[in-house]
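The values are calculated or read from the model by the stated rules, or taken from the named source; none is laboratory data. Small disclaimer: the values here were computed from a predicted structure and weren't measured. With ideal geometry, Cβ positions are generated from the backbone for all residues, glycine too; neighbour counts draw on all protein chains shown. Ligands, DNA and RNA are stripped out before the accessible areas are found, and what is left, the full protein with its side chains, is counted by its heavy atoms. Shrake-Rupley method; radii C 1.70, N 1.55, O 1.52, S 1.80 Å.
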Amino acid sequence: SISSFVKNEVRKLLNILKSKGYNKLLIQIGRCAFDPSTECSVRGFTVECYRYKPSIADDISDASLVISHAGAGSCLESLTANKPLLVVVNDELMDNHQLELARQLKKDGNIEYCDC
């Protein structure tokens, strides 16, 4: 099922992050029905989720790595805070401006990116 596929992929991500020395993932999930903090677990790794906050500036400031969509505001906020940034491009957007932005920021040496 899709749900078990997603759970397995999230567990893989958590294990990769853990292998890189991270021990916590804080996720803004918006309206998403899937909540990794209750659906997935990896021993020795904490997952916390929230729907929305008026500002995520404190979360970015506290982060050692930011994983974000490729929205200009999100990228700018993370780069302004001098945080390492991994951008996940939504390649289903009509004009795919996220990919254009990610490519330019990568070319400038500011980020790494992938698509989903």
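Scanning residues 5 or more positions from I27 or on other chains, those with amide H under 5 Å from its amide H are E48, C49, Y50, with H placed 1.01 Å from N in the peptide plane.
For the chain, DSSP calls about 5 percent of its internal beta bridges antiparallel.
The dipole here belongs to the chain: it is taken about the Cα centre, uses +1 on the Cβ of Lys and Arg and -1 on the Cβ of Asp and Glu, and is about 480 debye. The largest accessible area among K12, K83 belongs to the first residue in K12, K83, and the rest follow in falling order (1.4 Å probe, all chains). Checking the cross-link pairs K24/K53; K20/K53; K7/K106 against a 23 Å limit on the alpha carbon distance flags K20/K53; K7/K106 as lying beyond it. Taken one residue at a time, the phi angles of the stretch 75-90 give Karplus couplings (6.51, -1.76, 1.60, θ = phi - 60°) of 5, 4, 4, 5, 5, 4, 7, 6, 9, x, 10, 10, 9, 10, 7, 8 Hz. Gly and Pro are set to x. Across the chain, the fraction of Cα-Cα pairs farther apart than 18 Å, rounded to a whole number, is 56%.
For V6, the accessible surface of its heavy atoms amounts to roughly 50 Å² (probe 1.4 Å, protein chains only, rounded to the nearest 10). Computed with every protein chain present, the accessible area of R103 is close to 130 Å² [probe 1.4 Å].
Heavy-atom surface analysis with a 1.4 Å probe gives the chain a carbon and sulfur content of 52 percent of its accessible area.
Evaluating kT/(6 pi eta Rh) at 10 °C and 1.306 mPa s, with the Kirkwood radius of the stretch 1-52 over Cα pairs in the Stokes-Einstein relation, gives 140 µm² s⁻¹.
On a per residue basis, the convex hull of the C-alpha atoms belonging to the stretch 61-116 measures out at 65 Å³. Amide H contacts of N90 (H built 1.01 Å from N, in plane; Pro and chain starts excluded): A70 sit under 5 Å, all sequence-distant by 5 or more or on other chains. Listed by chain and number, the lysines whose C-alpha is less than 18 Å from the C-alpha of K107, apart from same-chain residues fewer than 8 away, are K83. Per-residue 3J(HN,Hα) values for the stretch 55-66, derived from phi via the Karplus relation 6.51 cos²θ - 1.76 cosθ + 1.60 with θ = phi - 60°, read 8, 10, 4, 5, 5, 5, 4, 7, 7, 9, 8, 10 Hz in sequence order (x marks Gly and Pro).
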